[in-house]
There are 2 protein chains.
Amino acid sequence: MTPQRRRASVVDVAKRAGVAVGTVSNVLNRPEVVAPATKERVLAAIEELGFVRNGRARELRAGRISTVGAVVLDIRNPFFTDVARGIEDRLERDDYTLMLASSDDDPDRERKYLRLFEEHGVHGLLVVPSSADLAHLTAIQARGLRVVVLDAPSSLEGLSSVAVDDIAGGALAAAHLLDRGHERMVFLNGSHSIRQCAGRRAGVDRAVLARGMDPAGVVEEISLRSLDAAGGDLATSRLLDAGGPPSAVFCVNDLVAVGVQRALRRAGGTELLRRVAVVGYDDIEVAAELAVPLTSVRQPTHEMGWAAADLLLEPVDSERHVVFQPELVVRASSAAGPA
Amino acid sequence: MTPQRRRASVVDVAKRAGVAVGTVSNVLNRPEVVAPATKERVLAAIEELGFVRNGRARELRAGRISTVGAVVLDIRNPFFTDVARGIEDRLERDDYTLMLASSDDDPDRERKYLRLFEEHGVHGLLVVPSSADLAHLTAIQARGLRVVVLDAPSSLEGLSSVAVDDIAGGALAAAHLLDRGHERMVFLNGSHSIRQCAGRRAGVDRAVLARGMDPAGVVEEISLRSLDAAGGDLATSRLLDAGGPPSAVFCVNDLVAVGVQRALRRAGGTELLRRVAVVGYDDIEVAAELAVPLTSVRQPTHEMGWAAADLLLEPVDSERHVVFQPELVVRASSAAGPA
DNA sequence: GGGCGCTCGTGAGACGATTCACGCCATGAC
DNA sequence: GTCATGGCGTGAATCGTCTCACGAGCGCCC
């Protein structure tokens with residue numbers, strides 16, 4: 001309890017209890033081999049000195065590692081925190097801990113965190129890659145770490161993965177808007193170097209082609225720099241300034257859709273809001289509670305996190321892939337027909 | 001690049017480059033003292049072996065620690081992720097890293113994570129305490145770690161803190177409802193062992209007393225087990241079953257308020273929703289975009305996180321307290337008058 | 001040519017916990 | 001009385017990195 005210059009170590013405890021360091025270690029790790037009286041003395045000394053094990057030394061010696069690192073794209077997006085929660089729940093079962101970091105879609109930040117985790121000696125890494133190039137991940141795996149890629153379905157070069165079928169998701173959304181009669185739509189997407197973005201676009205194209213139409217004539221894709229409400233708001237404002245509202249907008253995630261709705265309402269009130277069909281992606285918790293409840297593509301977030309952590313902890317050494325199917329949740333925001 | 005049984009160590013690198021281990025270390029840490037030719041050889045060996053520093057050994061030896069641990073109440077609440085972002089931004093400036101964990105309002109989980117972080121040897125800890133008892137935190141501080149308490153203003157027993165004035169926040173919300181003429185209100189709160197909850201209740205009482213009324217007659221407080229949309233939904237459903245809708249509801253956070261709105265709408269459509277005045281807390285990003293935009297108490301989240309990290313990194317050793325003032329953001333949800 | 005200073009590189013020791021081969025002692029069987 | 005057995009405890013060696021006191025080699029100047 002008294003402030004100390006230096007943390008107490010096993011040596012200090014051993015001295016205080018009048019035993020050897022090995023005995024202290026035994027009390028901590030295999031208490032059953034220590035006689036009760038001795039154990040008592042050691043525990044008392046630990047208490048008095050406020051001794052706390054030094055995990056770094058412990059892991060250095062033992063090689064044991066019970067931490068897992070995860071790098072997601074944006075920690076403020078509920079989609080990723082839900083996935084993280086799924087990861088955590090699975091890890092807890094095996095007494096592992098999660099270190100979470102957010103790359104902000106920035107490959108450099110991603111690399112920085114991956115390196116940090118690797119130096120730190122994590123058991124494995126869960127990564128939502130921010131670019132299409134996975135060479136740095138295969139290199140890490142080659143060094144003996146387990147790597148599981150989340151949300152990046154294709155061309156995995158030997159890495160295990162958990163993903164939702166983004167092509168199917170994009171197709172669901174686009175088909176829904178086409179069904180409503182929209183023959184032109186705006187797609188607010190992220191950079192195609194983000195795999196989910198490229199995949200959803202491919203799905204959109206597939207749905208359009210399936211109806212014998214030409215994607216180039218139907219889909220106007222706008223690439224956003226920031227995939228959040230601010231990004232959606234800004235892009236929509238520009239559209240309105242440029243030539244009036246589109247009749248249908250598909251957004252690469254729900255936060256962007258929230259921004260779209262915000263800009264529409266600001267420009268033309270609820271009336272304008274109801275005239276534009278908006279479809280989001282992720283089905284975040286508040287999607288149903290918005291001014292105009294949002295039609296969205298739902299992904300099984302918790303299950304994805306769980307499955308990813310599962311792949312990481314499993315002793316299996318082979319490459320494995322888990323693909324979940326997305327689901328369209330139809331609400332009022334997509335009710336509007338074409339202009 | 002080739003898979004290896006064991007991670008390459010400095011010894012391996014030294015052998016390969018034909019130098020001493022100290023030289024390898026110098027290349028990594030003080031490259032300017034190594035002759036160019038030697039440095040070249042060492043770097044080549046590092047590349048060939050895929051050598052990655054072992055951070056555990058490094059920190060063990062150096063005592064140097066560049067990690068900070070944070071334990072927040074609920075990682076899915078945007079309030080906490082915004083605070084976390086503030087922390088991260090401040091830490092990044094000094095090349096520190098954040099390990100984030102979520103206690104789920106559970107003191108046992110909180111203790112578990114704190115212990116883990118302490119064993120891990122973090123530089124310091126940022127904690128949003130889940131109970132009123134801070135003895136375990138002072139004990140940690142006594143052992144030489146820096147501890148900053150977030151969002152817990154009173155009786156700090158020597159711990160530095162960053163907080164928003166919860167009493168003022170509770171008072172703002174209650175005064176607003178009283179101004180609208182509501183003489184009865186429901187307060188959906190969490191356990192009073194959570195300090196923010198106790199503080200906001202105190203603020204509510206203060207506002208009521210300031211008008212010469214009796215809190216017991218005005219405020220019906222309901223204690224929720226889970227402070228999220230599900231919790232608010234459930235409590236509201238029960239209220240409706242028991243005796244019809246209240247005229248005013250103050251929620252301890254916005255997620256709870258979202259749940260309240262959901263239950264109201266389910267029971268009586270938008271019409272019922274507009275008849276009940278609802279005030280939330282935190283002003284999360286989507287608060288303005290809900291079906292009925294939510295009146296809420298805004299807290300400067302990013303600044304709080306930044307300030308907390310600042311206290312942790314500063315070399316100052318004295319106890320410091322930073323208190324931010326909350327702000328009421330009035331929107332449509334609180335427009336309804338008394339029944 | 002002896003002394004001095006400088007640049008580079010060396011390698012043993014330290015950080016703190018764990019492990020394991022070993023020794024001590026008491027007990028009990030023959 | 002001897003020997004085997006088993007329960008307890010010991011402490012040196014180990015993990016991988018960094019530090020630091022030291023020394024080798026070289027050039028330069030008086």
Which ones in the stretch A:35-54 are within 14 Å of chain B (Cβ to nearest Cβ), in a helix (DSSP H, G or I) and either open to solvent by 50 Å² or more (accessible area, probe 1.4 Å) or at positive phi (or both)? A:Glu47, A:Glu48
Just one of (1) over 25 Å from B:Gly86 (Cβ atoms); (2) within 12 Å of another protein chain (Cβ to nearest Cβ); (3) touching a Ser or Thr at 6+ places or on another chain (Cβ under 8 Å); (4) open to solvent by 10 Å² or more (accessible area, probe 1.4 Å) trips up A:His123, so point out which. (2)
How many residues, within the stretch A:55-76, are at the interface with chain B (Cβ under 7 Å from one of its Cβ atoms) and not aliphatic (A, V, I, L, M)? 4
Does A:Asp241 count as more than 24 Å from A:Ala171 (Cα to Cα) and not basic (Lys, Arg)? yes
Unique residue being within 22 Å of A:Asp74 (Cβ to Cβ) and in a strand (DSSP E or B) when the list is B:Ala84, B:Ala70: B:Ala70
Considering only the stretch A:12-30, state which residues are within 10 Å of DNA strand D (Cβ to nearest atom) and assigned to a helix (DSSP H, G or I). A:Ala14, A:Ala17, A:Val21, A:Gly22, A:Thr23, A:Val24, A:Ser25, A:Asn26, A:Val27
Among (1) more than 13 Å from DNA strand D (Cβ to nearest atom); (2) modelled with pLDDT of 90 or more, the one test that B:Asp95 misses: (2)
Kindly provide the set of residues from the stretch B:14-45 that are under 23 Å from B:Ala57 (Cα atoms), more than 8 Å from DNA strand C (Cβ to nearest atom) and more than 43 Å from the chain's Cα centre (by Cα), ordered by number. B:Lys15, B:Arg16, B:Ala17, B:Val42, B:Ala44, B:Ala45
Residue satisfying all of: in the stretch A:134-154; under 18 Å from the mean Cα position of the chain (by Cα) and open to solvent by 20 Å² or more (accessible area, probe 1.4 Å); farthest from the other protein chains (Cβ to nearest Cβ) among these: A:Pro153
Would you say B:Arg7 is assigned to a loop (DSSP other than H, G, I, E, B), surrounded by fewer than 19 Cβ atoms within 10 Å (Cβ to Cβ), more than 13 Å from DNA strand C (Cβ to nearest atom) and within 13 Å of chain A (Cβ to nearest Cβ)? yes
Filter the stretch B:59-68 for residues that are under 14 Å from B:Asp95 (Cβ atoms) and among the charged types (D, E, K, R); which is surrounded by the most Cβ atoms within 10 Å (Cβ to Cβ)? B:Glu59
Kindly establish whether B:Arg109 is among the basic types (Lys, Arg), open to solvent by 10 Å² or more (accessible area, probe 1.4 Å) and touching a residue at least 40 places away in the same chain (Cβ under 8 Å). no
For B:Val297: the one exception among (1) of a type in the set (Val, Ile, Thr); (2) under 19 Å from B:Val128 (Cβ atoms); (3) surrounded by fewer than 19 Cβ atoms within 10 Å (Cβ to Cβ): (3)
Condition check: surrounded by 12 or more Cβ atoms within 10 Å (Cβ to Cβ), free of Cβ contacts under 8 Å to residues at least 40 places away in the same chain and within 14 Å of another protein chain (Cβ to nearest Cβ). Does B:Leu28 satisfy that? yes
Could you figure out which of (1) within 16 Å of DNA strand C (Cβ to nearest atom); (2) under 27 Å from B:His136 (Cβ atoms); (3) within 30 Å of the chain's Cα centre (by Cα) isn't true of A:Leu49? (3)
What are the residues in the stretch B:112-159 that are part of a loop (DSSP other than H, G, I, E, B) and hydroxyl-bearing (Ser, Thr, Tyr), if any? B:Ser130, B:Ser131, B:Ser154, B:Ser155
Yes or no: B:Ala84 farther than 25 Å from A:Ala57 by Cβ, at the interface with another protein chain (Cβ under 8 Å from one of its Cβ atoms) and at pLDDT 90 or above? yes
All positions within the stretch B:169-191 that are surrounded by fewer than 22 Cβ atoms within 10 Å (Cβ to Cβ) and touching a residue at least 12 places away in the same chain (Cβ under 8 Å): B:Ala175, B:His176, B:Leu178, B:Arg180, B:Gly181, B:Glu183, B:Arg184, B:Ser191
Can you tell me which residue is nearest to A:Val278 (Cα to Cα) among those in the stretch A:155-167 that are surrounded by fewer than 20 Cβ atoms within 10 Å (Cβ to Cβ) and touching a strand residue (DSSP E or B) at 6+ places or on another chain (Cβ under 9 Å)? A:Asp165
Looking at (1) closer than 30 Å to A:Asp151 by Cα; (2) of a type outside the set (D, E, K, R); (3) in a helix (DSSP H, G or I), can you tell me which one A:Ile75 breaks? (3)
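The values are calculated or read from the model by the stated rules, or taken from the named source; none is laboratory data. Source: prediction; values computed, not measured. So basically every Cβ, Gly included, is an ideal-geometry build from the backbone, and we count neighbours across all protein chains shown. Heavy atoms of the whole protein, side chains included, go into the accessibility calculation; ligands, DNA and RNA do not. Shrake-Rupley method; radii C 1.70, N 1.55, O 1.52, S 1.80 Å.
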